[in-house]
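Chemist: The structure that follows is given in the form of structure tokens.
The values are calculated or read from the model by the stated rules, or taken from the named source; none is laboratory data. Quantities reported herein were computed from a predicted structural model and do not represent experimental measurements. Here the Cβ is made from the backbone with ideal geometry for all residues, glycine too, and neighbour counts use every protein chain on show. These area figures cover heavy atoms from the full protein model, side chains too; ligands, DNA and RNA do not enter into them. Shrake-Rupley method; radii C 1.70, N 1.55, O 1.52, S 1.80 Å.
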Amino acid sequence: MIAHAPQDGLEAHQLLGPNGWVACCSADYEYRPQQIAMASKVIEALRQKYILVAEAGTGVGKSFAYLAAALDQAFRKNGRVLISTYTIHLQQQLMEKDIPFLQQAVPQPFTACLAKGRNHYLCLRRLRYAQNRRQALFEDRGSELSILSEWAQKTQDGSLSDLKTSPSPQLWQTVQSEHGICRGRKCPSFRECFYWRARRKLETADIIVANHALLFSDLVLRQSGASILPPYRFVILDEAHNLEHVAEEHFGIELSPSSIRHLLDTLCHPRHHKGLLDSSAAHQKARQLVNQCRREADLFFAQIQAWYEQTAEETGGRCTPDFVSDNLTEPLRQLRLELNRLVKEEENEDQQLEFQRIIDRCQETEQELKIFLSQSQEGFMYWVEEEAGPRKTVVLRSAPLDVGPYVKACLFDVFDSVVLTSATLSSGQSENGFDFFTRRIGLENYQSVQVGSPFDYSRQVRLYLEANMPDPNSEAFQEKAARAIQKYLLKTEGRAFILFTSHTMLRQMAGCLAGWLAEQKMTALIQGEGQDRAALLAQFKTLPRCVLFGTDSFWQGVDVPGEQLSNVIIVRLPFAVPGHPLIQGRIEQIRAQGGNPFYEYQVPMAILKFKQGFGRLIRRKTDQGIVAVLDSRILQKKYGKQFLQALPECPIFIEE
């Protein structure tokens, strides 16, 4: 082993080459030229300060490739590197496996810290406040609060992840750390504060690991001179194919009845009358205004529910300005003004801060309601969604049609170097294959690298295509597709993901196949029937002859190595639903600009998702299995070739 790290930095082969530090420390080491190629390019991008788009096929080991570049900067003492992921799974892999291994393998020490959102941490000041006002705030949280108080005296971390059992959302939101009501250095608990202790660790770290949502919160705050995270010079975004989706959520609006109900319940709960407002005469007017806001909120969302039920088939939920009357912002304003008056009269500083928190929330809600109903933000789409669940509830949503300018302004225009990486960023094999992805996120000047997978797909995968299946939109499709699914499930004795693009088709197909699956002694796991993704995945990995029916979230970010997953059935090509208001708006925007939305937007977006679905099958060099595509458009339509060309080369069997 090399005794020390060179002061002028780190080269890829020193860490990842046949005689490198990783090879010396790992019995499972595999030399991968693709990994070296990617690492070299990421190191160069950070050194020469340019933006890099790097697609790395499954099995390349891209986390070690970009960690090599982060270590290079740490050894050079050139500035802090922030690594951002989309999923918790990848975050855990970095913090619990990859980085600890490298800390043992490399001869020069470096530090890395996980950044969590502020509301993941317990606030000791708010905990004392909750204890002192237990009777006024809670009906039956006494024992839960006692458990939390005992934990607070023992925990070193002070965050939710350190708790064996998660507390109720109502209790945690009463005691979590929050920016707007933090007293900072003036707080008597500042030295012991879990959040500020974590922040001080981040300030000494060479590498910070965060998630995309936290990164964007920090980026936006930095534009106004504030921040959540300490300064960093370089940003590496893994799972970067999710960037547009994260940005549209971050820069958009989401307003639901439950969010407003929770806001009001914090002040005074309608059943047990607990909350910040007590029964004194001084709080009487505020309690009356809370009740008025609650009535008006119920009426407001009832209007929206009625509008949605009458028009959803025609509009898809897309709404026009002032599509319902605004009976809610004025009562919220009156409540906010009354709370402002109470703050001025209140002598208890903790109580003042809690009122101020609600005042800020009221003001945010008022502003978002006004923006949504007036549709005053240009270039945004506004729509209503119905949420699945036992009770019919509607949610107001907005998002920018083009997130590019927002991402460019807060990310690409700010940092010395940004690296975007994923297994699925290009929608084609040509040098223009990244154009769709980069255009969607506002990236203009960049370099790219595309390294293939080290896996032998020609040996590990057989791809089956159905040539004569009816159009997926026809009535005849379901019956024929069900028979094809049976055929492919018998080839692998279950052990399959069946991937759908809609919950409706998933439910119909699961119902259609239920009897046959039972006869074959195959266990069906069905997304959307109560269990979350993690629970379904855990069952799938342990049960024999298992078949999982999944939609959107199972197309990506799911890792099932080994023969337990031997079959991926893609029921139809994953074109986004054109009737969804956001997709519809983007199609109209491209058409208005003189473009062809189908070939410029819908096809490349579907190709990226298709690649993600295909990528679920082979996760290790020893994996083998089949992928079956039931949508015959892949053979019958001209654009079908683009889907096939985007996949690694493997034997194709056409089923007549």
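Chemist: Could you please put GLU386, GLU479, GLU55 in sequence from largest to smallest accessible area, using a 1.4 Å probe?
Modeler: GLU479, GLU386, GLU55
Chemist: Which chymotrypsin sites (Phe, Trp or Tyr not before Pro) from region 40-118 combine a DSSP loop assignment with at most 15 other Cβ atoms within 10 Å?
Modeler: In loop regions of region 40-118 (DSSP not H, G, I, E or B), the sparsely surrounded chymotrypsin sites (Phe, Trp or Tyr not before Pro) are TYR50.
Chemist: Compute the Rg/Rh shape ratio of the chain: radius of gyration over Kirkwood radius, all on alpha-carbon atoms.
Modeler: Reported Rg/Rh, Kirkwood definition of Rh: 0.98.
Chemist: Give a quick list of trypsin sites (Lys or Arg not before Pro) in region 212-303 that DSSP marks as loop, anything other than H, G, I, E or B, with at most 16 other Cβ atoms within 10 Å.
Modeler: Details: sites: ARG222, ARG233, ARG261, ARG271, LYS274, LYS285, ARG287, ARG294, ARG295; in loops: ARG233, ARG271, LYS274.
Answer by residue number: ARG233, ARG271.
Chemist: In whole Å, what three semi-axes, largest first, describe the equivalent ellipsoid of region 444-494 built from its Cα gyration tensor (square root of 5 times each eigenvalue)?
Modeler: One finds semi-axes of 34, 20, 8 Å for region 444-494.
Chemist: Run down the lysines and flag those whose C-alpha is under 17 Å from the C-alpha of LYS274, throwing out any fewer than 8 positions away in its chain.
Modeler: Within reach: LYS285.
Chemist: Roughly what would the spin-label model give for SER280 and LEU543, points 7 Å off Cα along C-beta, in nm?
Modeler: Between SER280 and LEU543, the label points sit 5.7 nm apart.
Chemist: Note down, for region 224-310, the three equivalent ellipsoid semi-axes (square root of 5 times each alpha carbon gyration tensor eigenvalue), biggest first, whole angstrom. Show your work: numbers first, answer last.
Modeler: Values: eigenvalues 282, 104, 20 Å².
Ellipsoid semi-axes (Å, largest first): 38, 23, 10.
Chemist: Now for a different question. Could you give me the ³J(HN,Hα) list for region 294-300, computed from phi with Karplus coefficients 6.51, -1.76, 1.60 and θ = phi - 60°, whole Hz, x at Gly and Pro?
Modeler: My calculation for region 294-300 gives 5, 4, 5, 5, 4, 5, 4 Hz in order.
Chemist: Need the full-extension length gain, ALA535 to SER325, defined as separation in residues times 0.36 nm minus the C-alpha distance. One decimal, nm.
Modeler: So the chain would gain 71.4 nm between ALA535 and SER325.
Chemist: To the nearest 20 Debye, how big is the dipole of the chain about its Cα centre, given +1 on the beta carbon of each Lys and Arg and -1 on that of each Asp and Glu?
Modeler: I would put it at about 1200 debye.
Chemist: Something else now. Can you put ARG619, ARG483 in order of accessible area, largest first, using a 1.4 Å probe?
Modeler: Sorted descending by solvent-accessible area, the residues read ARG483, ARG619.
Chemist: Given R₀ = 41 Å, what would the calculated FRET efficiency be for LYS344 paired with ASN119, taking r from the Cβ atoms and rounding to 0.05?
Modeler: For LYS344 and ASN119, the calculated efficiency is 0.90.
Chemist: Also: Give the cross-link partners of LYS637 among the lysines, using a straight C-alpha distance below 29 Å as the criterion and excluding same-chain residues fewer than 8 apart.
Modeler: Output for LYS637: LYS480, LYS487, LYS491, LYS609, LYS611.
Chemist: Turning to a different aspect of this structure: In this model, which of LYS201/LYS541; LYS541/LYS641; LYS97/LYS408; LYS62/LYS408; LYS164/LYS201 are farther than 26 Å apart at the alpha-carbon?
Modeler: Too far apart for the 26 Å limit: LYS201/LYS541; LYS541/LYS641; LYS97/LYS408.
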